[in-house]
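Working notes, beginning with the structure itself.
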């Protein structure tokens, strides 16, 4: 990579293949009843902790140092896929998502610590509070909503049995391509606690 080139990045938890497979099954059940939705591809599914946008190579180094310092003493977590929802609401969703359960409080504390330390290094803080979720799909048009979501998704029971272990955070590069974003792992940050 050219040192002067900016890199579009985000910090996330990568989902295990089994969880992606289960989510694909959910999407298949939802597809016939939902209109106007653009589904997220399985390979693009992840749990985002912080989106940075375009940053320099020096920024990637500073981000990595902050994240590494924050995960050094963190023990692995167990999360699970939880009830579905929508942004801004299930009545008029532009985004459909699955919530996250399990060790969410520990995840929120870790994310807040990383956010705080990044702000101290000059990175802008997020204006919205962190709400861990997995995006299923977005409305095909920015001005439209996804129709049929409230009744259908309201009928899906809690999904807490879809559990997965989290043992590291990953800094991804996101390259925007005509067929969708392509994600490349820039760095992994394994949890060091027991």
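The values are calculated or read from the model by the stated rules, or taken from the named source; none is laboratory data. For clarity, every value in this text was computed on a predicted model and none was experimentally measured. As a convention, Cβ positions derive from the backbone with ideal geometry for all residues, glycine included, and neighbour counts pool all protein chains shown.
Are any of the residues in the range 42-53 over 15 Å from the mean Cα position of the chain (by Cα) and farther than 16 Å from residue 164 by Cβ?
There is no residue in the range 42-53 that is over 15 Å from the mean Cα position of the chain (by Cα) and farther than 16 Å from residue 164 by Cβ.
Per-residue answers, yes or no, for (1) closer than 24 Å to residue 93 by Cβ; (2) more than 19 Å from the chain's Cα centre (by Cα); (3) at pLDDT 80 or above; (4) part of a strand (DSSP E or B):
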site	(1), (2), (3), (4)
137	yes, no, yes, yes
159	yes, no, no, no
164	no, no, yes, yes
169	no, no, yes, yes
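Pick out the one residue from 151, 187 that is modelled with pLDDT under 90 and either closer than 22 Å to residue 13 by Cβ or not in a loop (DSSP other than H, G, I, E, B) (or both).
151
How about the range 1-80: which strands (runs of 3 or more DSSP E) wholly inside it have at least 3 residues that are in contact with a strand residue (DSSP E or B) (Cβ under 8 Å, 6 or more places away or on another chain) and surrounded by 15 or more Cβ atoms within 10 Å (Cβ to Cβ)?
It comes to 7-14, 46-55.
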